[in-house]
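Encoded as structure tokens, the structure appears first; notes follow it.
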Amino acid sequence: MPYNHGMAHITLVLPFALPIPEFAPDLVRALDAPALGALLSRTNSYARVAADDSVRALPHEQWLARALGLADNRRPALAAAAMRGRGIEPGGGTWFIVNPAHIEIARTHLLMADLRTLRLGEPDSRALFESARPFFEEAGHDLAYGDAQTWFMRADDWAGLDTATPDAAVGMDLTDWMPLGAHAAAFRRLQNEVQILWHSHPVNAGREARRLPPVNAFWLWGAAGAARTRAPGPLLAAFDAAPWVDALADTQASDLPAFVDGLGKNGLDKDTILVCGSAAAPAIGADWGGWIAQMGQLEAALFAPILEALTQGRVRTVSLVLSHRDAHAACTTNALAQRKFWRRPTLDRLL
């Protein structure tokens, strides 16, 4: 998408905005979102694409990595670009994203909790980071601090490790999602050492007193060579998105209606990708009432203002990328398509 003077093209990336098939009919009936219906129904193009099961990343993550030029063999290669987004120059070698995590023992398997529910603040994250760093360094790996949820590890010889994104692994049997490859055993050894270290760490004693889950593991993914940078292209904006998206983003859309109002003016006349993750947490937690509430809020704060900007000519074209675990749907519309009055706005494309 080249730079465009005047009217811009905007792509809305909406993780988990596709309801899962078994509940989709009931959820779509309960959702009051006429602007979203118009954007989905009156289109120039539409496609639904099944997930690539050979890549251990969710469909919207694969789409975004490709759009940003940050995919290696279709796998998200995000670490170096995310480091630069956090003001860290990778230097050389291969880097991974490291997320502090909570892993629990279910009856028959291990589960990782949604990282959004961890509620790990800066002081606690820094304390855990500093305690773990000597163990990483003893294993030959530099560790760098990005933010409370996002650290980075250098492991040049682990470059071929096949890892999964945290949102792909969350709530699943972790046996199927742990790193694979020649250095998987080395990863497990380091993980075990850190788990033992953190088991009795004062941070976790404090979290237990506040009835928060202990930070008892880390998740490793997103390997990229230090030279890997984002491809030239659209502005990347983030709203309520995963920390790695925030690290890559050029701007934070803290107020959605104000952000949409600025499109086509105030310097926001560049083609834009807006990643809006509001539906992710309730969908991952199977809180479908919460999912409907979040989608309703997006109807008022995002879909209706975007539709108005499109019909008023402040935006040239709008694309939507909506996903669940197993597929993503992509469509594009413009002002001319929105004049197809004979196409009744419907949410059927969410089914």
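Would you check if there is a residue in the range 96-107 being touching a strand residue (DSSP E or B) at 6+ places or on another chain (Cβ under 9 Å), assigned by TED's automatic domain parsing to the domain that holds E137 and over 30 Å from R207 (Cα atoms)? The answer is no; no qualifying residue exists.
Within the range 79-108, the set of residues being part of a loop (DSSP other than H, G, I, E, B) and touching a helix residue (DSSP H, G or I) at 6+ places or on another chain (Cβ under 6 Å) comprises R86, P90, G93. A single entry from T251, T272, T333 fulfils the requirement of being within 18 Å of the chain's Cα centre (by Cα), surrounded by 20 or more Cβ atoms within 10 Å (Cβ to Cβ) and in contact (Cβ under 8 Å) with a residue 12 or more places away in the chain: T272.
Out of the residues in the range 153-176 that are touching a Gly at 6+ places or on another chain (Cβ under 6 Å) and of a type outside the set (D, E, K, R), state the one that is surrounded by the most Cβ atoms within 10 Å (Cβ to Cβ). Looking at residues that are touching a Gly at 6+ places or on another chain (Cβ under 6 Å) and of a type outside the set (D, E, K, R), I get L161.
Look through D246, D287 and report the one residue that is closer than 23 Å to W63 by Cα and of a type in the set (D, E).
It is D246.
For the range 29-68, taking the residues that are at pLDDT 95 or above and among the acidic types (D, E), the one that is nearest to R344 (Cα to Cα) is identified as D32. Screening A24 against (1) outside the structural domain of A329 (by TED's automatic domain parsing); (2) over 25 Å from F259 (Cα atoms); (3) out of contact with any Lys or Arg (no Cβ under 8 Å at 6 or more places or on another chain) leaves a single unmet condition, (1).
Every test in (1) surrounded by fewer than 23 Cβ atoms within 10 Å (Cβ to Cβ); (2) out of contact with any helix residue (DSSP H, G or I) (no Cβ under 7 Å at 6 or more places or on another chain) is passed by L322 save one, and that test is (1).
The values are calculated or read from the model by the stated rules, or taken from the named source; none is laboratory data. Because the structure is predicted, anything quoted here is derived from the model rather than measured. Note: ideal-geometry Cβ built from the backbone for every residue, glycine included; neighbour counts use all protein chains shown.
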